[in-house]
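What follows is a single structure, written as structure tokens, with notes after it.
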Amino acid sequence: MKILKRYFDRMRPYFEEGGRLHSFRSVYDGFDTFLFTPTATSQNGTHIHDAMDSKRLMIIVVIALLPCLVFGMYNTGYQHWLASGEEVGPFRTLLLYGFLAVLPKLLVSYAVGLGIEFAVAQWRGEEIQEGFLVTGILIPLICPIETPLWMIAVATAFSVIFVKEVFGGTGYNIFNVALVTRAFLFFAYPASMSGDKPFIAHDQILGVGTPLPDTFTGATPLGQVATMSGDSAIHMVGVNGAELSTWDLFIGLIPGSFGETSTLCILIGAAILLFTGIASWRIVLSVFAGGAVMSWIAHMTATPAYPVSMLSVGDQLCLGGFAFAAVFMATDPVTAARTDTGKYIYGFLVGVIAIIIRTYNNGYPEGAMLAVLLMNALAPLIDYCVVQCNINRRARRTRPNS
């Protein structure tokens, strides 16, 4: 690293004002600050520097996502082998297959997103922010494994440009960029984002795996439940036809979006974020509380007309992208509520709305994405109301008795 650092220091004059490569100063600074701790300091005034800068914050979030990423690799290989009807291969083979399946999607996501951010920063003459370090890994995690690369590229470009950059870049967007990418894909290409085919990797990759038969089915558990009708019992089965238990749903060896299936791995990531103070425990707790309350109400008033309402509270919280949204999406500090009271309200409503959408809309058996995006829009209003209530309360205390 010292050799690399000396090389960067030697190249710096070329990117300074007047250097022959000064037009690419933002690109140089982006790589330099990512690889090394910046040495620039304030020249006047008194400043207190926190050890937790945005780069370290983003890296910790990426670390918290790694359990979901690694499990997603294994589960991708596992579901592929189940669908093929062959004996499940060894752990390293399943992991390798999942790695080969997700790697192109990670590369496309980062290449498109960072490419746009580098270009915009260079055009504006600004520093490159680290916000897309997290967004770039989130996008493949919340998409089906069979999402075409060109779709990921188009959706990522749309989100980075129209959800982030037009608002001013990192820290100014009002909607979660990764979730808007997923929403764009769902509404623009619904046939490729739902059903029983997109969630299972089909093809052999570099000699690993086996092509799947055309007759295989890989519907997610929520997708299965949503299509049931006139039945008083819920039957969720895996790709191999075995009935799924709540424990199976919690562990996550089921079809689903790449990184969203394992509630266990999501909770490991939550522990990292809460221990480091990056995620708000108020939001995480409130999302699960809102989801549990609404799930209980739906279960107590269950009807065969809405099959998802017959799921237990535990099943509701483990299925789909609910847990992932509660930990990694709703807690986004840029788009979430910022007052302490507002965080409770914001999180609780995310949980309630997510369960309402997935329960009472049989055509859309997943509500977490839309719930978070809706509450992103309402978060400023929630904070405004909380602040105004505090102002009015204090004004009444100082008002003389009449």
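Evaluation of Ser159 against the conditions (1) closer than 17 Å to Leu65 by Cα; (2) within 17 Å of the chain's Cα centre (by Cα) shows that the sole unmet condition is (1).
Among residues of the range 317-346 that are farther than 16 Å from Phe288 by Cα, those with a Cβ under 8 angstrom from a residue that is hydroxyl-bearing (Ser, Thr, Tyr) and part of a helix (DSSP H, G or I), sequence gap 6+ or separate chain, pair up as Ala337/Tyr346. The single condition from (1) assigned to a helix (DSSP H, G or I); (2) open to solvent by less than 60 Å² (accessible area, probe 1.4 Å); (3) closer than 27 Å to Gly195 by Cβ that Ile356 fails is (2).
Per-residue answers, yes or no, for (1) at positive phi; (2) modelled with pLDDT of 65 or more; (3) in contact with a Pro (Cβ under 8 Å, 6 or more places away or on another chain); (4) assigned to a loop (DSSP other than H, G, I, E, B):
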position: Lys5; (1), (2), (3), (4): no, yes, no, no
position: Arg12; (1), (2), (3), (4): no, yes, no, no
position: Gly19; (1), (2), (3), (4): no, yes, yes, yes
position: Pro38; (1), (2), (3), (4): no, no, no, yes
position: Ile48; (1), (2), (3), (4): no, no, no, yes
position: Tyr78; (1), (2), (3), (4): no, yes, no, no
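Checked against (1) without any contact (Cβ under 8 Å) to a residue 60 or more places away in the chain; (2) within 23 Å of Phe91 (Cα to Cα); (3) part of a helix (DSSP H, G or I), Trp296 passes all but a single condition, namely (2). When you scan the range 366-387, do you find a residue that is open to solvent by 70 Å² or more (accessible area, probe 1.4 Å), part of a helix (DSSP H, G or I) and more than 23 Å from Val177 (Cβ to Cβ), even just one? So far as the range 366-387 goes, yes, one or more of its residues are open to solvent by 70 Å² or more (accessible area, probe 1.4 Å), part of a helix (DSSP H, G or I) and more than 23 Å from Val177 (Cβ to Cβ). Output the residues belonging to the range 82-100 that are among the β-branched types (Val, Ile, Thr) and either crowded, with 19+ Cβ neighbours inside 10 Å or in a helix (DSSP H, G or I) (or both). Thr93, the sole residue that qualifies.
Determine if the range 145-156 includes at least one residue that is among the hydrophobic types (A, V, I, L, M, F, W, C) and under 30 Å from Ala242 (Cβ atoms). Yes: the range 145-156 contains one or more residues that are among the hydrophobic types (A, V, I, L, M, F, W, C) and under 30 Å from Ala242 (Cβ atoms). Mind listing whichever residues of the range 182-203 are touching a helix residue (DSSP H, G or I) at 6+ places or on another chain (Cβ under 9 Å) and either aliphatic (A, V, I, L, M) or farther than 15 Å from Leu149 by Cα (or both)? Hits for the range 182-203 are Ala183, Leu185, Ala188, Met193, Ser194, Gly195, Asp196, Ile200, Ala201. Taken as a whole, the structure places Ser192 among residues that are of a type in the set (Ser, Thr, Tyr), under 28 Å from Tyr78 (Cα atoms) and open to solvent by less than 50 Å² (accessible area, probe 1.4 Å). Does Tyr110 satisfy the condition of being touching a residue at least 24 places away in the same chain (Cβ under 8 Å) and farther than 13 Å from Ile137 by Cα? No. Exactly one residue out of Ile128, Ile116 is open to solvent by less than 30 Å² (accessible area, probe 1.4 Å) and touching a helix residue (DSSP H, G or I) at 6+ places or on another chain (Cβ under 6 Å): that is Ile128.
If I filter the range 299-320 down to residues being out of contact with any strand residue (DSSP E or B) (no Cβ under 8 Å at 6 or more places or on another chain) and open to solvent by less than 10 Å² (accessible area, probe 1.4 Å), which single residue comes out as nearest to Met369 (Cα to Cα)? Looking at residues that are out of contact with any strand residue (DSSP E or B) (no Cβ under 8 Å at 6 or more places or on another chain) and open to solvent by less than 10 Å² (accessible area, probe 1.4 Å), I get Leu319.
Within the range 152-176, how many residues are crowded, with 19+ Cβ neighbours inside 10 Å and free of Cβ contacts under 8 Å to residues at least 60 places away in the same chain? Residues that pass the stated criteria total 9.
The values are calculated or read from the model by the stated rules, or taken from the named source; none is laboratory data. All values derive from a computational prediction rather than experimental measurement. Methodologically, a virtual Cβ is constructed for each residue, glycine included, from the backbone with ideal geometry; neighbour enumeration extends over all protein chains shown. Note: accessible area is taken over every heavy atom of the protein model, side chains too, but ligands, DNA and RNA are not part of it. Shrake-Rupley method; radii C 1.70, N 1.55, O 1.52, S 1.80 Å.
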